[in-house]
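Submitted below is the structure of interest, expressed as structure tokens.
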Amino acid sequence: QGTRDHPPAHVALRDRLLAAVVACFKRHGAAAIDTPVLELRETLTGKYGEEAKLIYELQDQGGELLALRYDLTVPFARYLAMNKIANMKRYHVAKVYRRDNPATTRGRYREFYQCDFDIAGQFDPMIPDAECLKIVHEILSDLQLGDFLIKVNHRRILNGVFAVCGIPESKFVTVCSTVDKLDKLPWEEVRSEMVGEKGLSPEAADHIGEYVQLRGGLDLIERLLQDPKLSQNKLAKEGLGDMKLLFEYLTLFGIAGKISFDLSLARGLDYYTGVIFEAVLLQQENDHVEEPVSVGSVAGGGRYDGLVGMFDPKGRKVPCVGVSIGIERIFSILEQRMKASGEKVRTTETQVLVATPQKHFLAVRLKLISELWDAGIKAEMLYKKDPKLLKQLQYCEDTGIPLAAIVGEQELADGVVKLRDVATREEVRM
């Protein structure tokens, strides 16, 4: 059914990952919010373009048409409009739902977590956008997933490209969703979809192809600003100006080396209006390959300045930019690595096991463990009246509990506890 039960090791790994991501969001001054899992169907429809077919629709007993949230961005825009908030920096970690064809090996599920960070408000150009990219860079560096690349593009540049290639404005969105397939399909297949399904002339498709296969950095931005056709197009000119400014800020943040201005990046969702970006992990297949191979997107986002206005009765606009970390994709990668390396994940945070070598010492163990719990120490004991000491120490080894607090007749008489380091077998009386 495209969802899965998570064993304790997976949950422990996920919690560790989420803690690192949330710590980064908090470091940047974001407050946490929550929105309902159920939204009115009309809230979600018309916001996602061709992806809308993946929305889970429901009908309650009163006949109200509802849907499970598809992402955390549209509910956030509704939240801002309903509460008349014009300025906010927030993060939200929660499950979203999609009627997708699941591919669990590639981290594609029907129910999965998203971790979003968004900046809403009227600010000077590209400063919040640059911070979102800095956050992606920080998180992917912190998680030590290996080499990565953050691709950036701009919806206005794309629309400018379509305009100079003679595409009518009514087809911008649908052509955009075809261009978005370039990371999965070769240009020939994308071209044939443009011509066959989207009704473009072969000349227009080829013309688009000349642009959308370009990638580079500031040098490419400068080159396109000199392009005889694009430089005459208002949309493209604005977008290229934004990109130039963005790269200046990314250079100041010291991360421009990991950013690629990639004109094939389109991101399929309708609501993006400005900068769009996506982070991919790179995998060096072998030493003979010059070009690193991408192993899929692990973060994405962009600017969506028109979304809040769709929900505001007066059409009041709140510019927004945000990023979503693809935590499930990252789980899948880390899980596979852990399986390959045989590494074990500790499923609990227990610090000490209260143990005894003697019989009839259950009361002593219960009193001691109660003191430890009351003192805020994470402690466990075996639920047996008279467990063997070897069994208790074996439990510590199996679950990775580092310490055993041992109380026997001698310790009781001396008023001490013997603390044993499970790994080194060293013991101290205290």
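The values are calculated or read from the model by the stated rules, or taken from the named source; none is laboratory data. Only a predicted model underlies this, so the values are computations on that prediction, with no experimental measurement involved. Positions of Cβ are backbone-derived with ideal geometry, glycine not excepted, and every protein chain shown enters the neighbour counts. Each accessible area value is taken on the protein alone, full model and side chains, heavy atoms only, with ligands, DNA and RNA left out. Shrake-Rupley method; radii C 1.70, N 1.55, O 1.52, S 1.80 Å.
So, residue 240, is that one modelled with pLDDT under 90, in contact with a Gly (Cβ under 9 Å, 6 or more places away or on another chain) and either open to solvent by less than 40 Å² (accessible area, probe 1.4 Å) or over 17 Å from residue 174 (Cβ atoms) (or both) or not?
Working: modelled with pLDDT under 90: no; in contact with a Gly (Cβ under 9 Å, 6 or more places away or on another chain): yes; either open to solvent by less than 40 Å² (accessible area, probe 1.4 Å) or over 17 Å from residue 174 (Cβ atoms) (or both): yes.
For residue 240, the condition - modelled with pLDDT under 90, in contact with a Gly (Cβ under 9 Å, 6 or more places away or on another chain) and either open to solvent by less than 40 Å² (accessible area, probe 1.4 Å) or over 17 Å from residue 174 (Cβ atoms) (or both) - is not met.
What tally of residues in the range 313-327 results from selecting those that are within 20 Å of residue 18 (Cα to Cα) and open to solvent by less than 10 Å² (accessible area, probe 1.4 Å)?
4
Pairs, please: C-beta under 7 Å, at least 6 apart or cross-chain, first residue free of Cβ contacts under 8 Å to residues at least 12 places away in the same chain and in the range 211-240, second of a type outside the set (Val, Ile, Thr) and open to solvent by 70 Å² or more (accessible area, probe 1.4 Å)?
Taking only residues 6 or more apart or on different chains, the pairs are 231/237.
On the basis of being among the aromatic types (Phe, Trp, Tyr) and over 26 Å from residue 305 (Cα atoms), does residue 148 make the cut?
Numbers: among the aromatic types (Phe, Trp, Tyr): yes; over 26 Å from residue 305 (Cα atoms): yes.
Yes.
Being of a type in the set (Asp, Glu), touching a Lys or Arg at 6+ places or on another chain (Cβ under 9 Å) and touching a residue at least 40 places away in the same chain (Cβ under 8 Å) is the filter here, so list the residues in the range 46-63 that pass it.
51
If you don't mind, there's one more thing I want to ask. Counting only residues that are of a type in the set (S, T, N, Q), give me the helices (runs of 4 or more DSSP H) lying completely in the range 150-262 with at least 1 of them.
Details: elements: 155-164, 172-179, 187-196, 202-212, 218-225, 234-252.
Correct list: 155-164, 172-179, 187-196, 234-252.
Hey, another quick one. May I ask you to list the residues in the range 9-45 that are over 16 Å from residue 72 (Cβ atoms), among the small types (Gly, Ala, Ser) and touching a residue at least 24 places away in the same chain (Cβ under 8 Å)?
Within the range 9-45, 9, 12, 20, 29 meet the criteria.
Condition (residue is part of a loop (DSSP other than H, G, I, E, B), closer than 20 Å to residue 98 by Cβ, in the same structural domain as residue 83 (by the TED database) and within 26 Å of the chain's Cα centre (by Cα)) applied to the range 311-323: is it met by at least one residue?
There is no residue in the range 311-323 that is part of a loop (DSSP other than H, G, I, E, B), closer than 20 Å to residue 98 by Cβ, in the same structural domain as residue 83 (by the TED database) and within 26 Å of the chain's Cα centre (by Cα).
Here's something else I'd like to know. Just a yes or no: is a residue in the range 179-193 surrounded by 18 or more Cβ atoms within 10 Å (Cβ to Cβ), touching a residue at least 60 places away in the same chain (Cβ under 8 Å), closer than 14 Å to residue 264 by Cβ and not charged (D, E, K, R)?
The answer is yes; a qualifying residue exists.
So, one more: List the strands (runs of 3 or more DSSP E) that sit entirely inside the range 1-103 and contain at least 3 residues that are in contact with a strand residue (DSSP E or B) (Cβ under 8 Å, 6 or more places away or on another chain) and either of a type outside the set (A, V, I, L, M) or crowded, with 16+ Cβ neighbours inside 10 Å (or both).
Because the criterion is at least 3 residues that are in contact with a strand residue (DSSP E or B) (Cβ under 8 Å, 6 or more places away or on another chain) and either of a type outside the set (A, V, I, L, M) or crowded, with 16+ Cβ neighbours inside 10 Å (or both), the strands (runs of 3 or more DSSP E) in the range 1-103 that meet it are 65-68, 88-97.
Could you check, for the range 356-375, whether at least one of its residues is within 24 Å of residue 426 (Cα to Cα), of a type in the set (D, E, K, R) and within 40 Å of the chain's Cα centre (by Cα)?
no
When you look at residue 113, is it within 19 Å of residue 278 (Cα to Cα), buried (at least 20 other Cβ atoms within 10 Å of the Cβ) and hydroxyl-bearing (Ser, Thr, Tyr), yes or no?
It is false that residue 113 is within 19 Å of residue 278 (Cα to Cα), buried (at least 20 other Cβ atoms within 10 Å of the Cβ) and hydroxyl-bearing (Ser, Thr, Tyr).
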